[in-house]
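Novice: Mind looking over this structure? Questions follow.
The values are calculated or read from the model by the stated rules, or taken from the named source; none is laboratory data. All figures in this text were calculated on a predicted structure; none of them were measured in a lab. Methodologically, a virtual Cβ is constructed for each residue, glycine included, from the backbone with ideal geometry; neighbour enumeration extends over all protein chains shown.
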């Protein structure tokens, strides 16, 4: 039986604070890739172009589950996508108008925000390597798979989310969050990928709120200790060391996964 391992990117494979992939993580991925019975996948909120931060290792991954499950690639072939309807995007603009919130729109290759201020600047520091353009009409010429909302405090985003039942909220820092259709998440995208495989064991590794479903569905779910989401740790079978410790290879060996 093959084993399929899906990794989150930000602060799981890639240390956003240092702007690099830890050495032990590189060693782990390279060794896993060389094994005939292991298939590697990415599961991330990023679009395809924004994976440039890990471009040196992209060839190691057969599957790329992108934009929180909205788009799935097998090698270079897109095997699934589900964009947000234009009328739903317009409804979000209408709901957020006058509420002092920035709205971002995420495509496969590019992103845009309706206007730029310090809240967007702060959010982009948390997602190193992403620099959205300012274009409130982005949705008119691009398929949008995910929305961002930025506010001064997370509470404001949680409150506005109550007026947007068509979407599910995934916070990723104190004043920023992803919004996607409720059925759209990393686990959904991983299921689409698994349709192209036979019987296999699934391992998932992540640190974010958007990793909870995939950790829960996995045969072996691994949460990074640097997560700020207690539910993720509760769902996980194992807790891997904080990314700053650079011990992921040693951890995989300690639980006999390599």
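Novice: When you scan the range 219-234, how many residues do you find that are part of a helix (DSSP H, G or I) and touching a strand residue (DSSP E or B) at 6+ places or on another chain (Cβ under 6 Å)? If you could, list the steps in order and put the result at the bottom.
Specialist: Taking the range 219-234 and keeping what is part of a helix (DSSP H, G or I), we get 230-234.
Narrowing further to those that are touching a strand residue (DSSP E or B) at 6+ places or on another chain (Cβ under 6 Å): 232-233.
Count: 2.
Novice: Across the range 58-68, what is the number of residues that are under 17 Å from the mean Cα position of the chain (by Cα) and assigned to a helix (DSSP H, G or I)?
Specialist: Result for the range 58-68: 3.
Novice: Considering the range 69-100 alone, what residues qualify as being closer than 17 Å to residue 161 by Cβ and more than 22 Å from the chain's Cα centre (by Cα)? Give the derivation first.
Specialist: Applying the first criterion (closer than 17 Å to residue 161 by Cβ) to the range 69-100 yields 84, 88-89, 91-100.
Result: 91, 93, 94, 95, 96, 97, 98, 99, 100.
Novice: Follow-up. Of the conditions (1) crowded, with 23+ Cβ neighbours inside 10 Å; (2) in contact with a strand residue (DSSP E or B) (Cβ under 7 Å, 6 or more places away or on another chain); (3) at pLDDT below 95, residue 209 fails just one. Which one is it?
Specialist: Among (1) crowded, with 23+ Cβ neighbours inside 10 Å; (2) in contact with a strand residue (DSSP E or B) (Cβ under 7 Å, 6 or more places away or on another chain); (3) at pLDDT below 95, residue 209 violates only (1).
Novice: Can you name the residue in the range 151-187 that is assigned to a helix (DSSP H, G or I) and under 17 Å from the mean Cα position of the chain (by Cα) and is also farthest from residue 95 (Cα to Cα) among such residues? Spell out how you get there, then give the answer.
Specialist: From the range 151-187, those assigned to a helix (DSSP H, G or I) are 154-161, 186-187; that's our starting set.
Narrowing the set further to residues that are under 17 Å from the mean Cα position of the chain (by Cα) leaves 186-187.
Working: 186: 26, 187: 28 Å.
Within the range 151-187, the match that is farthest from residue 95 (Cα to Cα) is 187.
Novice: Within the range 10-21, can you find the residues that are touching a strand residue (DSSP E or B) at 6+ places or on another chain (Cβ under 6 Å) and either in contact (Cβ under 8 Å) with a residue 40 or more places away in the chain or surrounded by fewer than 18 Cβ atoms within 10 Å (Cβ to Cβ) (or both)? Show your work before the answer.
Specialist: Going residue by residue through the range 10-21, those that are touching a strand residue (DSSP E or B) at 6+ places or on another chain (Cβ under 6 Å) are 12-13, 16, 21.
Within the range 10-21, 12, 13, 16 qualify.
Novice: Residues to consider are 208, 198; find the one that is in the same structural domain as residue 30 (by TED's automatic domain parsing) and within 14 Å of the chain's Cα centre (by Cα).
Specialist: On the way: 198 fails: within 14 Å of the chain's Cα centre (by Cα).
The match here is 208.
Novice: To continue, here is another question. Are any of the residues in the range 105-122 over 16 Å from residue 172 (Cβ atoms), out of contact with any helix residue (DSSP H, G or I) (no Cβ under 6 Å at 6 or more places or on another chain) and free of Cβ contacts under 8 Å to residues at least 12 places away in the same chain?
Specialist: yes
Novice: Filter the range 48-74 down to the residues that are touching a residue at least 60 places away in the same chain (Cβ under 8 Å) and in contact with a helix residue (DSSP H, G or I) (Cβ under 6 Å, 6 or more places away or on another chain), then identify the one that is farthest from residue 245 (Cα to Cα).
Specialist: Looking at residues that are touching a residue at least 60 places away in the same chain (Cβ under 8 Å) and in contact with a helix residue (DSSP H, G or I) (Cβ under 6 Å, 6 or more places away or on another chain), I get 72.
Novice: Within the group 45, 41, which residue is part of a loop (DSSP other than H, G, I, E, B), touching a residue at least 12 places away in the same chain (Cβ under 8 Å), outside the structural domain of residue 146 (by TED's automatic domain parsing) and in contact with a strand residue (DSSP E or B) (Cβ under 9 Å, 6 or more places away or on another chain)?
Specialist: Just a single option satisfies the conditions, and that option is 45.
Novice: Can you tell me which of (1) surrounded by fewer than 15 Cβ atoms within 10 Å (Cβ to Cβ); (2) more than 19 Å from the chain's Cα centre (by Cα); (3) outside any strand (DSSP E or B) is the one residue 249 doesn't meet?
Specialist: (1)
Novice: Sticking with this one: So, residue 66, is that one surrounded by fewer than 20 Cβ atoms within 10 Å (Cβ to Cβ), under 27 Å from residue 223 (Cα atoms) and in contact with a strand residue (DSSP E or B) (Cβ under 8 Å, 6 or more places away or on another chain) or not? Write out each step before concluding.
Specialist: Working: surrounded by fewer than 20 Cβ atoms within 10 Å (Cβ to Cβ): no; under 27 Å from residue 223 (Cα atoms): yes; in contact with a strand residue (DSSP E or B) (Cβ under 8 Å, 6 or more places away or on another chain): yes.
No; evaluated as a whole, the condition is false for this residue.
Novice: Further, regarding this structure: I'd like to check something: does the range 192-201 contain any residue that is at pLDDT below 95 and part of a strand (DSSP E or B)?
Specialist: Checked the range 192-201: at least one residue is at pLDDT below 95 and part of a strand (DSSP E or B).
Novice: Would you check which residues across the range 21-37 are touching a helix residue (DSSP H, G or I) at 6+ places or on another chain (Cβ under 8 Å) and part of a loop (DSSP other than H, G, I, E, B) and list them?
Specialist: Matches in the range 21-37: 21, 22.
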